[in-house]
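Asks: Got a structure for you, questions after.
The values are calculated or read from the model by the stated rules, or taken from the named source; none is laboratory data. Just so it is clear, the model here is predicted, and its values are computed rather than measured. Neighbour counts are summed over all protein chains in view; Cβ atoms, including those assigned to glycine, are modelled from backbone coordinates with ideal geometry. These accessible areas exclude ligands, DNA and RNA; they are computed on the full protein's heavy atoms, side chains included. Shrake-Rupley method; radii C 1.70, N 1.55, O 1.52, S 1.80 Å.
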Amino acid sequence: MSETKLAAVGNGDPVCINYIDFLSASCKKRWSFVDAIYGVIPFFGIVTRKTTAAPCTLPERLKDLALQIISTQVSDEINIVRLITLARQQQIARFDILLPYPLSESQLITVRQEYAYPLSLRQQDDRLHIVIPPLPH
């Protein structure tokens, strides 16, 4: 699967994370015991493992890290919070997540509550636009 299919960066466009393809890749992945543990650790996006080779481009790095934290064993809301946390760790303040379906209002509320930091969520059909404001020091 190509890096640009999972996470793409256009000329001046925000990063777009294709959640559908991450779920597909997660289903096809051969899980080791360690992978399974990382998939259910309740750190909501905190990536603690190092990748074998540090990818040089943002889409490659984002893809590798996201594949460590996306799990079909948790809810879509938790996976989205994990992606938001990962984006913040990678200093991505503005991005989109392409979803398989539009989120309900209660799911958006859950994402805001689980993330626990201020953020802007705007949904347009099956695309979730996210803006993470800078955290005060």
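Asks: Which one of these is within 12 Å of Val15 (Cβ to Cβ), open to solvent by less than 70 Å² (accessible area, probe 1.4 Å) and in contact with an Asp or Glu (Cβ under 9 Å, 6 or more places away or on another chain): Leu128, Leu86, Leu98, Leu103?
Replies: Just a single option satisfies the conditions, and that option is Leu98.
Asks: Let me ask something else about it. Any idea which of (1) in contact (Cβ under 8 Å) with a residue 24 or more places away in the chain; (2) open to solvent by 50 Å² or more (accessible area, probe 1.4 Å); (3) under 27 Å from Glu60 (Cβ atoms) is the one Gln91 doesn't satisfy?
Replies: (1)
Asks: Residue pairs, Cβ under 8 Å, 6 or more apart or interchain, first in the stretch 114-129 and small (Gly, Ala, Ser), second surrounded by fewer than 16 Cβ atoms within 10 Å (Cβ to Cβ). List them.
Replies: Ser120/His129; Ser120/Val131; Ser120/Pro133
Asks: For the stretch 95-131, which residues satisfy the criterion of being under 19 Å from Phe22 (Cβ atoms) and in contact with a Pro (Cβ under 7 Å, 6 or more places away or on another chain)?
Replies: Those that are under 19 Å from Phe22 (Cβ atoms) and in contact with a Pro (Cβ under 7 Å, 6 or more places away or on another chain): Phe95, Asp96, Gln123, Asp125, Asp126.
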